[in-house]
Each structure stands twice: as structure tokens, then as C-alpha cells.
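The values are calculated or read from the model by the stated rules, or taken from the named source; none is laboratory data. Just so it is clear, the model here is predicted, and its values are computed rather than measured. Don't worry about glycine lacking a Cβ; one is built from the backbone with ideal geometry, like all the others, and counts go over all protein chains shown.
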Amino acid sequence: MQRRDFLVALPGLPAALAAARKPLLWRIAEAAPDAAARADYVVTLLEKPGLPRDFSHFPYVDPAAPKGGMVVLSAIGSFDNFNGFIVRGTAPDDIGRIYDTLLRANINEPSTAYGHLAETIDLAPDHSRVVFTLRANAYFHDGAPVTADDVVWTFDTLRRDGRPFYRLYYGDVERAEALDARRVVFHLKPTPDRELPLILGEMPVLPRHFWKDRDFSHPLTETPLGSGPYRVEKAEFGRSMTYRRVHDYWALDLPTARGQFNFGRIQVEYFRDATVAFEAFKAGQVEFREENIAKQWATAYDFPAIQRGLAKKENLPQHLPTGMQGFVMNTRRPVFQDRRVRQAMDLVFDFEWCNANLFYNAYTRTRSYFSNSDMASSGIPEGAELAFLEPWRAHLPAELFTTPFTLPVTDGSGNNRANLKKALALLEEAGWRVKDRMCVNHEGQNFTFEILLDEPAFERVALPYVQWLAKLGVSATVRTVDPAQYQQLLNTFSFDMTVAVFPQSDYPGNEQVGYWTSAAAKQEGSDNLMGVADPVVDALVQNVVTAPDYDHLLPAVHALDRVLLWNWYVVPHWYLQSVRVAYWQRFGRPDKAVRSGLAFDTWWIDQKLAEETDSARRVGVE
């Protein structure tokens with residue numbers, strides 16, 4: 001079961017950035033001494049971009065893809081407003097469809113982004129500033145032009161009133177300034193962080209005039225305004241969202257948009273229960289879905305539409321880093337402040353039993369915060385990684401320097417006695433003991449905590465874990481709440497343990513500040529759910545953010561990964577190396593694979609196939 005990301009799906013979150021085994025350069029192709037000649041169409045971390053200046057479309061799209069038709073999707077949970085950039089309220093996961101960004105990434109070239117709203121990018125040789133020149137024909141859905149003033153206002157507003165993520169992510173930007181109507185300059189702080197131009201390019205640009213008489217820090221219930229390929233057509237809060245394709249989309253013929261955003265309308269139906277959502281798909285009321293439950297994938301897709309070939313299930317191989325998923329322990333809670341206790345929690349969890357009995361052996365155990373990538377640490381620290389760790393030796397576990405990090409392994413039989421004995425010994429070292437079958441501390445307080453979930457499907461993993469913990473006298477309970485309440489509890493760190501995902505890219509950067517630093521731990525709504533507040537981690541994160549090239553980045557990330565692992569903040573779960581999708585036979589799609597496995601924005605409605613499927617369905621009903 002690959003759980004969905006706990007992070008709010010906001011426009012402007014970091015794209016995956018590829019790491020090539022070569023020095024990393026912010027390259028302005030064919031650079032010349034004068035500023036005008038340096039201005040270019042692309043920003044890249046590689047030696048050179050993969051596409052030429054005159055490229056016509058991304059290689060994985062069909063530039064002649066037909067437009068029109070409607071697709072019905074599903075979402076689990078609810079929403080109560082349209083402002084997904086703030087802590088308050090819950091916005092639709094895919095509200096980013098209505099916004100454009102300065103740059104747009106090539107999925108198969110994740111370290112590179114090409115000018116979208118920005119026609120050119122001018123990076124100073126000393127990296128003290130970056131200038132984006134906007135396209136003259138870029139405009140919002142109401143016809144107002146997208147201006148440099150909109151970019152500056154968006155940047156300032158997100159840092160001031162947006163989620164804590166933005167303040168941390170843009171922390172190394174000194175200020176933004178509009179040079180004229182089309183040119184905006186970002187003044188960068190003196191730091192080796194060369195990721196900043198790409199980070200800024202991912203920022204959605206919002207219309208200042210729309211927000212002029214509205215409070216950005218409050219939820220938005222009026223129809224929002226954007227400049228992207230879709231606009232909000234109608235919405236029933238908590239129930240349904242409909243996006244309509246903008247027929248005169250200003251970027252329609254840009255190479256960064258050609259062959260994409262083909263559906264005429266996208267309707268998203270919201271369900272409070274995943275089982276009901278699946279039944280809606282089986283009935284044809286929902287036409288496409290991603291499956292994140294292994295048992296369901298293995299056993300529930302033998303319904304009539306699949307048997308008749310009207311619907312299809314498919315594994316799409318993906319080649320992206322998978323990050324960390326696991327049971328997250330909130331160290332703000334006294335019960336989880338001792339590292340030995342957290343390690344004991346991991347020893348109790350029997351992944352091999354879960355994989356065999358719940359997941360049909362579909363998953364691989366996550367053994368790193370940067371799993372499925374070269375950034376994952378291994379062995380013992382040496383060379384440059386050791387040099388990063390050596391100044392902190394006195395503050396780190398001695399075994400970190402002498403013993404490879406490993407997770408406990410069982411035979412999958414359900415008999416985890418050896419690991420339970422080790423866990424009990426660690427609890428006793430930390431001041432806990434078993435008395436009258438209850439685990440208590442020296443003050444006689446019971447070891448008790450709650451596992452907070454937002455979907456019932458995960459209870460089948462959490463409940464066996466509760467039973468295993470009970471063998472040590474630890475009293476754990478499971479509470480499942482609706483997604484809106486769950487998000488609010490996460491925002492205020494009002495939980496003991498929960499399930500979370502920390503996604504990673506090939507080229508980790510500023511997002512690490514929001515995940516692990518002391519500053520993030522203090523800010524409500526941040527992504528530092530564990531409450532990591534460790535000067536060692538702060539220093540290692542800084543090494544990652546300021547790494548000048550791949551040779552420095554790799555050991556810096558290894559060192560950070562190793563310290564996080566040895567502090568046992570998470571009971572690691574698992575990952576899947578494919579995307580599981582199911583869909584009714586009404587779609588066309590390009591015949592080229594993408595690194596992410598799925599690029600649904602490049603699909604389209606095949607009108608002939610859709611009519612044949614609909615006709616066959618009617619015959620089946622009659």
C-alpha cells in the first residue's frame with residue numbers, strides 16, 4: 001500500500017531535480033559577457049539542456065493530440081475553499097491546474113526547466129540576482145496581462161501569509177523587484193545555493209488585482225482567477241469540482257504546453273470513503289484512478305468491465321526517488337523524546353509479515369530517507385561524508401561511525417520474539433519496565449499513545465502493529481478522522497504518531513529545510529512533523545543546500561540521511577517501483593514512456609474508442 005503524500009498538493013512545490021555524475025552548473029547556454037546575451041530560455045543543473053532553443057514540444061507528448069471531451073476523476077476527502085497556499089482550510093488537491101509558473105519542467109529531464117511565463121532568464125555571473133522577462137502575450141483568464149508586479153506581489157505574499165513552507169523555501173532570496181512591466185529581478189543572498197533560480201521558476205504567479213480587496217490569509221470561497229490551462233467552472237464544496245479548459249489559453253502553442261492539457265473538462269468527484277470511490281469506478285461513474293492498496297490491486301479488479309475489456313489495469317514503471325514513508329513519531333511528545341524508545345518502536349514492526357500477508361509481496365522496504373536513488377546512504381561513513389560528520393562525533397551515536405545502518409528483519413511468520421526482546425531491553429534502558437503486563441515509567445505512568453490516520457484503509461496495517469506493541473505492555477490506539485480534521489491536526493502537531501510521506505528528488509535541496517530543521521519545527525503548518533530540532537541536523541541540511549556540485553552534494557546527503565536514520569524518527573514502511581492505474585477504455589495517450597511512469601496531462605479522449613466503450617456498456621446493461 002503506497003500511501004498518498006501527506007503534503008498539501010500545492011502549485012510551486014519542488015519538481016524532481018536530476019543528479020548527473022558531473023559538476024552541476026546553472027548554465028546559460030552560449031553565455032556571452034554582456035547581460036543581454038546571457039539571457040536564455042532555460043535553467044538547468046546539467047552541463048547543458050536536453051532541448052534546443054527552438055524545440056517545438058516536450059519529447060513525450062503528442063503535439064497533435066485532440067482536444068475536448070470530459071474525464072471524471074475521484075478524490076478522497078473534502079475541500080472548503082480555493083486557497084491552497086495558506087494553513088487555514090482545505091483546498092482541492094488539484095487547484096494548481098488554474099495557475100501558471102515562470103518555468104515548466106521536462107518530466108524526463110527533471111533538473112531542467114524551460115521558460116513558460118518567462119520568455120528569458122538572465123542569471124548574474126556571481127549568482128547575486130536572476131531576472132525573468134515575462135512573455136508579452138501572457139494574460140490571466142479575465143484578460144489582464146501577467147506583469148512583473150504580479151510576480152513580486154505573489155512572492156512577497158507567499159512569504160508573508162503563505163504556509164511556512166514558502167518562508168523556508170524562499171529563505172535565501174533577499175527581495176524581489178519589478179524593473180518594468182515585464183521584467184522582475186530576484187536579489188539573492190550571498191550563498192552557494194545554486195538551486196534558487198529553478199525554485200523561483202516553480203512559483204505560481206497570482207493576479208494581484210484579484211486579491212486587492214481580499215485577505216490572502218483567509219480561506220477563499222469565491223471562484224479564483226489564474227492564467228493556467230484550466231479555470232474553475234463550478235464547485236460544490238466537499239462534493240465536486242469541475243475545471244473547464246481555457247479555449248483561448250494564452251500558452252496554447254508554446255512548446256512547454258503543446259500536446260498537454262487536452263481534456264475539455266475535468267470533473268473531480270469527492271468521496272469520504274475509498275471503498276465507495278472504487279465502487280464508483282467499477283460502475284463507470286469515475287473513469288480513471290490510481291490504486292494505492294496492494295490487496296485491492298491483486299484481488300478486486302476482476303469485475304465485469306475488466307473481463308469484457310471495457311476497462312483496463314496497468315503497471316507503469318517509474319524511475320524516481322521514492323523518499324521516506326513511515327509511522328512518524330512526534331518528538332514534541334515526551335513519550336517519544338528518547339532515541340532508544342523510538343528504536344524500540346521500529347523493532348516491534350514486522351514488515352516481512354505485512355508484505356507477505358497484506359501486500360502480496362508487492363513492496364520493497366524503505367531503508368533510507370532518499371530511497372531508490374544514489375542519495376541513499378550505505379555502509380559506514382568515509383571520505384567526504386565522514387568529514388561532514390566528524391565535527392559532530394561527540395553528539396552522535398558511536399555506532400553510527402562503526403556499524404552500517406540496518407532495519408530489523410523477520411522470517412515473516414508472525415513470530416517476532418527476538419526483536420521484541422531487543423525492543424524491551426531498549427525500553428528498560430530508557431526507564432520503562434513491564435509491571436502487571438503494562439509498560440510503565442518510574443512514576444508509574446503507562447506507555448500509551450495514539451496512531452492518527454486519515455483513511456480507514458491503513459487501519460489494516462496499524463491494528464496489527466497495535467497488537468504487537470501490546471506484547472510489550474505498550475498501549476497504542478488507532479483513531480481515523482476525516483481528511484480536513486487530519487490536516488488541521490498535522491498543522492498544529494496535535495498527534496503522537498501518524499503515517500507520512502517525505503518525497504525526495506534526485507537532487508535534494510531547499511525542501512530539506514522545511515522537513516528537518518529547528519526553524520521548521522517551531523512553525524505550525526510546517527512539514528517537520530517529527531519535531532526534529534537538532535543543531536547537527538541543521539548543519540547537515542545547510543551542507544546539502546549549499547553544495548556547489550554533485551561531488552559535494554552526494555556525501556552531504558549521505559551524512560544527513562545517516563543521522564536521520566540513526567535517530568529513529570520514523571518506523572520506515574515500503575515503496576513501489578511502478579504506478580498502478582486503472583481506466584475505462586476511452587483514452588488515447590502518447591506512446592513514449594516517462595520517467596515518472598504517469599503523465600496524465602498528456603492523455604486525451606479518443607472519441608471513437610469512447611463511443612465504442614459507451615455502446616458496449618449500454619448493451620451490457622440491457
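Data overview
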| quantity | calculated |
| --- | --- |
| The stretch 148-192 - residue that is assigned to a helix (DSSP H, G or I) and among the hydrophobic types (A, V, I, L, M, F, W, C) and, of those, nearest to residue 492 (Cα to Cα) | 165 |
| Selected residue (only one of 501, 478, 513 is touching a Gly at 6+ places or on another chain (Cβ under 8 Å) and either at positive phi or not in a helix (DSSP H, G or I) (or both)) | 501 |
| Residue in the stretch 409-420 that is under 31 Å from the mean Cα position of the chain (by Cα) and either in a helix (DSSP H, G or I) or polar (S, T, N, Q) (or both) present | yes |
| Hits in the stretch 245-256 - residues which are farther than 30 Å from residue 285 by Cβ and out of contact with any Ser or Thr (no Cβ under 6 Å at 6 or more places or on another chain) | 248, 250, 251, 252, 253, 254, 256 |
| Residue match in the stretch 590-597 (condition: more than 30 Å from residue 265 (Cβ to Cβ), outside any strand (DSSP E or B) and within 22 Å of the chain's Cα centre (by Cα)) | no |
| For residue 613: the one exception among (1) surrounded by fewer than 20 Cβ atoms within 10 Å (Cβ to Cβ); (2) of a type in the set (S, T, N, Q); (3) in contact (Cβ under 8 Å) with a residue 60 or more places away in the chain | (1) |
| Some residue of the stretch 562-573 being modelled with pLDDT of 95 or more, aromatic (Phe, Trp, Tyr) and buried (at least 22 other Cβ atoms within 10 Å of the Cβ) | yes |
| Matching residues in the stretch 428-465 - criterion: being under 26 Å from residue 357 (Cβ atoms) and in a helix (DSSP H, G or I) | 456, 457, 458, 459, 460, 461, 462, 463, 464, 465 |
| Pairs, first within 17 Å of residue 155 (Cα to Cα) in the stretch 125-140, second of a type in the set (Lys, Arg) and outside any loop (DSSP other than H, G, I, E, B), C-beta under 9 Å, six or more apart | 131/183; 132/183; 133/183; 134/183 |
| Residues being within 26 Å of the chain's Cα centre (by Cα) and closer than 16 Å to residue 592 by Cα - total across the stretch 45-67 | 5 |
| Residue satisfying all of: in the stretch 53-78; among the β-branched types (Val, Ile, Thr) and in a strand (DSSP E or B); farthest from residue 603 (Cα to Cα) among these | 76 |
| Some residue of the stretch 542-550 being part of a helix (DSSP H, G or I), of a type outside the set (A, V, I, L, M, F, W, C) and either within 20 Å of residue 320 (Cβ to Cβ) or touching a residue at least 24 places away in the same chain (Cβ under 8 Å) (or both) | yes |
| Boolean, residue 223 is more than 18 Å from residue 509 (Cβ to Cβ), surrounded by fewer than 16 Cβ atoms within 10 Å (Cβ to Cβ) and β-branched (Val, Ile, Thr) | yes |
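Residue by residue, here is whether (1) buried (at least 18 other Cβ atoms within 10 Å of the Cβ); (2) of a type outside the set (Lys, Arg); (3) touching a Leu at 6+ places or on another chain (Cβ under 8 Å); (4) under 30 Å from residue 272 (Cβ atoms) holds:
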position	(1), (2), (3), (4)
187	no, yes, no, no
191	no, yes, no, no
197	yes, yes, yes, no
241	yes, yes, no, yes
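One line per residue, one yes/no per condition, for (1) touching a Ser or Thr at 6+ places or on another chain (Cβ under 6 Å); (2) among the hydroxyl-bearing types (Ser, Thr, Tyr); (3) surrounded by fewer than 21 Cβ atoms within 10 Å (Cβ to Cβ); (4) closer than 21 Å to residue 293 by Cβ:
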| residue | (1), (2), (3), (4) |
| --- | --- |
| 308 | no, no, yes, no |
| 318 | yes, no, yes, yes |
| 321 | yes, no, no, no |
| 334 | no, no, yes, no |
| 337 | yes, no, yes, no |
| 347 | no, no, no, no |
| 351 | no, no, no, yes |
| 358 | no, no, yes, yes |
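To keep it simple, each residue is scored yes or no on (1) under 27 Å from residue 132 (Cβ atoms); (2) modelled with pLDDT of 95 or more; (3) within 23 Å of the chain's Cα centre (by Cα).
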site: 186; (1), (2), (3): yes, yes, no
site: 193; (1), (2), (3): yes, no, yes
site: 201; (1), (2), (3): yes, yes, yes
site: 218; (1), (2), (3): no, yes, no
site: 232; (1), (2), (3): yes, yes, no
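Conditions (1) under 23 Å from residue 599 (Cα atoms); (2) touching a Cys at 6+ places or on another chain (Cβ under 7 Å); (3) assigned to a loop (DSSP other than H, G, I, E, B), marked per residue:
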{"residue": "104", "(1), (2), (3)": "yes, no, no"}
{"residue": "120", "(1), (2), (3)": "no, no, no"}
{"residue": "125", "(1), (2), (3)": "no, no, yes"}
{"residue": "131", "(1), (2), (3)": "no, no, no"}
{"residue": "136", "(1), (2), (3)": "no, no, yes"}
